[in-house]
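What follows is a short report on a single structure.
The values are calculated or read from the model by the stated rules, or taken from the named source; none is laboratory data. If you're wondering where the values come from, they're calculated on a predicted model, not measured in any experiment. Glycine also receives a Cβ, built like all others from the backbone with ideal geometry; neighbour counts cover every protein chain displayed. These area figures cover heavy atoms from the full protein model, side chains too; ligands, DNA and RNA do not enter into them. Shrake-Rupley method; radii C 1.70, N 1.55, O 1.52, S 1.80 Å.
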Amino acid sequence: MVKTIFAEGEPQSIAEVLANKDERAQLQQTIFQKFPKCTLLDVKLNIPGPIKNNRYLKEIFASGILNLEDILQNSQLPFTLYKHWERAAGSENFYLVNANYHSVKKKAVEFENKRKIDRLFDADVLIRKQKQAISRKDLDLPVRKCFLCSKPAKECARSRTHSVADLQNYITSLYNEEFYKKSAN
């Protein structure tokens, strides 16, 4: 059992996180210039605090990606991994999916809701003609719930209802539940 999965890793400043966000937006635009009709699935972990990547978070990411790719394959949604980032700001995969964005978003939400630990993922679905990611609301799906209190997640994030320490403790408990139960069997 790990006491905290956030004791190691390279802390990221807000400037570094924002620079990574800018690079992401630039890559998304490049993808749409090359593949204007594609549906883009951009998958990353949503991790609070300055530590965004380390061996534990990479393990969570890899496990989730296997689940996501299984869902896409079983749903017969053809996809290609266009790019994988492994950075101090986090792991991230950019997929080209040969399907309409409604189908891709429904499967992305199914993935995000499949296991408790998959709720840490942010699986954004984007198309060229829309400036921002397709939201759950666009498809009349329920909004994401907070890990800790089940209010809408965006409300808690915006108002900083929960401390980074509380959120990190919860993520550590998810890690222990998911990865230590496997090693105990």
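So is Lys37 basic (Lys, Arg) and closer than 23 Å to Cys146 by Cα or not? In short, no. List every residue pair whose Cβ atoms sit under 6 Å apart, with the two residues 6 or more apart in sequence or on different chains, where the first one lies in the range 139-166 and is touching a residue at least 24 places away in the same chain (Cβ under 8 Å) and the second, anywhere, is β-branched (Val, Ile, Thr). Going by the 6 Å Cβ cut-off, the qualifying pairs are Leu141/Val109. Total residues in the range 7-51 satisfying the condition of being in a loop (DSSP other than H, G, I, E, B) and free of Cβ contacts under 8 Å to residues at least 40 places away in the same chain: the figure is 3.
Of all residues in the range 53-85, count the ones that are free of Cβ contacts under 8 Å to residues at least 60 places away in the same chain, in contact with a helix residue (DSSP H, G or I) (Cβ under 7 Å, 6 or more places away or on another chain) and within 28 Å of Ser173 (Cβ to Cβ). Number of matching residues: 4.
Just a yes or no: is a residue in the range 30-38 at pLDDT 95 or above and over 18 Å from Leu126 (Cβ atoms)? No, there is no match, as no residue in the range 30-38 is at pLDDT 95 or above and over 18 Å from Leu126 (Cβ atoms). The criterion of at least 1 residues that are within 26 Å of Gln26 (Cβ to Cβ) and open to solvent by 40 Å² or more (accessible area, probe 1.4 Å) is met by the following helices (runs of 4 or more DSSP H) wholly inside the range 67-185: 101-114, 153-159. Taken as a whole, the range 13-33 holds at least one residue that is crowded, with 16+ Cβ neighbours inside 10 Å, of a type in the set (A, V, I, L, M) and under 22 Å from Ala88 (Cβ atoms). Applying the criterion of being among the small types (Gly, Ala, Ser) and in contact (Cβ under 8 Å) with a residue 40 or more places away in the chain to the residues of the range 90-112, the residue that is farthest from Ser13 (Cα to Cα) is Ala99.
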